[in-house]
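The values are calculated or read from the model by the stated rules, or taken from the named source; none is laboratory data. As the structure is a prediction and not an experimental result, all values here were calculated from the model. No Cβ is skipped: glycine too gets one built from the backbone with ideal geometry, and neighbour counts run over all protein chains shown. SASA here: full protein model, heavy atoms, side chains in, ligands and nucleic acids out. Shrake-Rupley method; radii C 1.70, N 1.55, O 1.52, S 1.80 Å.
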Amino acid sequence: MAPVVVLAQARFRDAPLVDSPFIADPSAHVFDNRIYVYGSHDIQAPAADDQPGKGFAMRDYHVLSMDRIGAPVTVHPLALALEDVPWAAHQLWAPDAAYKAGRYFMYFPAKDKQGVFRIGVATGTRPEGPFTAQPQPMQQSYSIDPAVFADDDGAHYLYFGGIHGGQLQRWTAQGYDATLGDTDLGQPDAPALAPRVARLRADMLEFDAAPREVQLLTPEGTQITGGDLARRFFEAAWVHKHAGRYYFSYSTGDSHTISYAVGDSPWGPFTWRGVILLPVQGWTTHHSIVQVDGHWQLFYHDTQLSNRTHLRNAKVTGLVHEPDGSIRPINPFR
């Protein structure tokens, strides 16, 4: 078996952060000079009773942490469990976290008792938890993949949304409409469904105004269309700031890349620049970008350990901004 393991590892650019548990959708932050990774805890479980995304039946969160890139990784005890979220019924998907004024905040999506994805927030006094969930989901929240960006002026923004299993296609100005389908709007020539952004209130528990659409543009200045599978937004929003500009990165879903677009405001619009991460092993791809000790790092996942789409493992690799502001594409394989 040893030669097989060595050959399998040689195929991949990076090794998994941990062998167990299975952690996907890694959102990384540096808190008090230590790296913390918040992600989905993939499990073998009976499928949820809806489509699509039924195989992702996660029920709790565990936080990973390390002193530096390449150091031993700590798997912390239970941070938050489904049964401790009063409003949630199932599927604790990709979370993120933030810090403000001595408190840590975990933002997470879950389906409510009606099978509709909402975004909840839980608080704690330590970055690894445990976290205590608020009794209700955030007002005006919906869909999946919350990601928090803290700007230089202290304002915090929450980006979210995902089509297909993320249900973004079912939301209209009038509210949730389950008849709108399981994929997208089926309008390839129309502007693609857009991710959402809202600034967080001072207490970090609610939005300070209704969420807005995030406009994603082609280099020619037109909106990316629903049929542009290589560039349209699917899920996994993330924002980081480099050299005074805002980088909005995301999963393209069907075309299996992490793309990015650049703008001059956290609200957007963002203009598409290219691909950060080429397709990984496994159907899904989800990432985060964080600066550690002066160097940029890309956290991502694949299925190296299981070769199964719903059992994923987190990884990290270096990320390079070129002098012209572009990001050097990363191949997850050697």
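Descriptive notes on the structure:
- Qualifying residue in the stretch 228-235 (condition: open to solvent by less than 30 Å² (accessible area, probe 1.4 Å), part of a loop (DSSP other than H, G, I, E, B), under 16 Å from residue 270 (Cα atoms) and of a type in the set (Lys, Arg)): yes
- Number of residues in the stretch 187-219 that are farther than 20 Å from residue 158 by Cα and open to solvent by 60 Å² or more (accessible area, probe 1.4 Å) equals 5.
- Strands (runs of 3 or more DSSP E) contained entirely in the stretch 59-178, each with at least 2 residues that are more than 18 Å from the chain's Cα centre (by Cα) and of a type outside the set (D, E, K, R): 74-81, 88-90, 117-124
- Residue match in the stretch 277-286 (condition: closer than 20 Å to residue 151 by Cβ and in contact (Cβ under 8 Å) with a residue 40 or more places away in the chain): no
- Residue among 79, 89, 98 that is buried (at least 16 other Cβ atoms within 10 Å of the Cβ), among the aliphatic types (A, V, I, L, M) and either touching an Asp or Glu at 6+ places or on another chain (Cβ under 7 Å) or modelled with pLDDT under 95 (or both): 79
- Filtered residues of the stretch 310-324 (kept if more than 22 Å from residue 293 (Cβ to Cβ), in contact (Cβ under 8 Å) with a residue 24 or more places away in the chain and either open to solvent by 50 Å² or more (accessible area, probe 1.4 Å) or not polar (S, T, N, Q) (or both)): 310, 311, 312
- Counting only residues that are modelled with pLDDT of 95 or more, of a type in the set (S, T, N, Q) and loosely packed, with under 15 Cβ neighbours inside 10 Å, the stretch 21-47 holds 1 of them.
- In the stretch 48-67, the condition of being touching a strand residue (DSSP E or B) at 6+ places or on another chain (Cβ under 6 Å), closer than 18 Å to residue 134 by Cβ and buried (at least 18 other Cβ atoms within 10 Å of the Cβ) is met by at least one residue.
- Residue 107 passes every criterion in (1) without any contact (Cβ under 8 Å) to a residue 40 or more places away in the chain; (2) open to solvent by less than 20 Å² (accessible area, probe 1.4 Å) apart from (1).
- Note on the stretch 246-294: among residues that are part of a loop (DSSP other than H, G, I, E, B) and of a type in the set (Ser, Thr, Tyr), the one that is surrounded by the most Cβ atoms within 10 Å (Cβ to Cβ) is 285.
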